[in-house]
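Shown next, in structure tokens, is the structure this report addresses.
The values are calculated or read from the model by the stated rules, or taken from the named source; none is laboratory data. Owing to the predicted nature of the structure, the values given are computational and were not obtained by experimental measurement. Every residue, glycine among them, receives a Cβ derived from its backbone with ideal geometry; neighbour counts consider all protein chains shown.
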Amino acid sequence: MTEFKEKYINPFTDYGFKRLFGEEPNKNLLLDFLNELLKEEQGVITELQYLKNENLATTELNRKAVFDLYCTNEKGEKFIVELQKTKQKFFKDRALYYSTFPIREQAITGSGWNFELKKVYTIAILDFVFDENIEQKDKFRYDVKLTEQETKRVFYDKLTFIYLEMPKFNKKVEELETRFEKWLFLLKNLHKLDRVPEKLKESIFLQLFETAEISKFSRKEYQDYENSLKYYRDLKNSIDTAKEEAKIEGRLEGRLEGRLEGRLEGRLEGQFEEKLEVAKNALKAGLPIEVIMKLTGLTENEINKQKGEI
């Protein structure tokens, strides 16, 4: 059996993601994806402009933020698009921290600014599932805004976080119904395909396949992608190994716990039988039930049951 050789790049590599969505010639790919993601919220975005994806904090004490993609539309609204390959303990904190940069950039010096802000969107495409969402097996998209707790109404609609938990999206190509689902399918499965599926032969997706075809890379592009792919694979292998070790450790712990519990239950059962035997002998000797209760720790009912066995 021959080894499968990828025809198209993996979008979850740094190089693959930037090539598809972060280069000027392919800006319409990002535009189409954002329009499908945000059409109920935004209407139609007609223009995108890439911004510098490194932002320095206002003081040396603060960390800088390096976004995967950072852009603005014709209304001046800001979009941070992040690809996250692995779980990170404070990822939500990081996403919130990143959102502060597009907010502070809008400040106008002088006394004339009235603090009006343009909308800021932080979009996180995740190759993992948050622990607290594991039970929600069919929900892979989370839209987060500031809300009032009692009424659940949106308190502030200009700051939005969208999380896409890609491992939960498991539709096959023949099951795809919307353009947005087609985008999600390609993000997750592009590198597994060896041809363009009939259902994805739309002009925007044909451009994506053309851009993603590895055989059309220059030598330098191919090397850059291979380096990025190696890092991605090493990371995945490390995570898979850690998971497997955790499973093995869990099995061993489970077996050990089972043995200990079994021994403990056995001992307790043995002790109970001994107490019953003491109760029987005490009843034969004519001791009062109150005395036997104190002697054995058994209940009155448990002792009375032994009378019929004498």
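Within region 160-210, can you find the residues that are of a type in the set (S, T, N, Q) and farther than 22 Å from Glu40 by Cβ? Once the filter is applied, which keeps residues that are of a type in the set (S, T, N, Q) and farther than 22 Å from Glu40 by Cβ, region 160-210 yields Asn170, Asn189, Ser203, Gln207.
Results for (1) without any contact (Cβ under 8 Å) to a residue 12 or more places away in the chain; (2) surrounded by 10 or more Cβ atoms within 10 Å (Cβ to Cβ); (3) of a type in the set (D, E, K, R); (4) within 21 Å of Ile45 (Cα to Cα), shown as yes or no for each residue.
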residue	(1), (2), (3), (4)
Asn114	yes, no, no, no
Lys118	no, yes, yes, yes
Glu148	yes, yes, yes, no
Val154	yes, yes, no, no
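If we keep just the residues of region 42-93 that are farther than 23 Å from Asn10 by Cβ and part of a helix (DSSP H, G or I), which is modelled with the lowest pLDDT? Selected residue: Gln42.
The sole residue among Phe185, Phe180 that is without any contact (Cβ under 8 Å) to a residue 40 or more places away in the chain and assigned to a helix (DSSP H, G or I) is Phe185.
Tally up the residues in region 191-226 that are of a type in the set (Gly, Ala, Ser) and in contact with a helix residue (DSSP H, G or I) (Cβ under 7 Å, 6 or more places away or on another chain), please.
Of all residues in region 191-226, those of a type in the set (Gly, Ala, Ser) come to 203, 212, 215, 218.
Pick out the ones that are also in contact with a helix residue (DSSP H, G or I) (Cβ under 7 Å, 6 or more places away or on another chain) and you get 212.
So the answer is 1.
Sub-7 Å Cβ pairs linking a first residue in region 200-226 that is among the charged types (D, E, K, R) to a second residue that is surrounded by 12 or more Cβ atoms within 10 Å (Cβ to Cβ), at least 6 apart or interchain, are Glu213/Lys7; Glu213/Tyr8; Asp224/Tyr15, ordered by first then second residue.
Can you confirm whether region 149-172 contains a residue that is part of a loop (DSSP other than H, G, I, E, B) and touching a Leu at 6+ places or on another chain (Cβ under 9 Å)? Can you show your working first?
Here is the first cut: in region 149-172, the residues part of a loop (DSSP other than H, G, I, E, B) are 149-153, 169-172.
Checking which are touching a Leu at 6+ places or on another chain (Cβ under 9 Å) leaves us with 169, 171.
There is at least one residue in region 149-172 that is part of a loop (DSSP other than H, G, I, E, B) and touching a Leu at 6+ places or on another chain (Cβ under 9 Å).
Of all residues in region 12-41, those satisfying the criterion of being modelled with pLDDT under 90 and either basic (Lys, Arg) or under 23 Å from Gln84 (Cβ atoms) (or both) are Lys39, Glu41.
Looking at the structure I just gave you, is Leu235 within 30 Å of Pro11 (Cβ to Cβ) and either at pLDDT 85 or above or not aliphatic (A, V, I, L, M) (or both)? For Leu235, the condition - within 30 Å of Pro11 (Cβ to Cβ) and either at pLDDT 85 or above or not aliphatic (A, V, I, L, M) (or both) - is not met. Scanning region 221-232 for residues that are under 11 Å from Asp14 (Cβ atoms), over 24 Å from the mean Cα position of the chain (by Cα) and of a type in the set (Phe, Trp, Tyr) gives a single hit, Tyr225.
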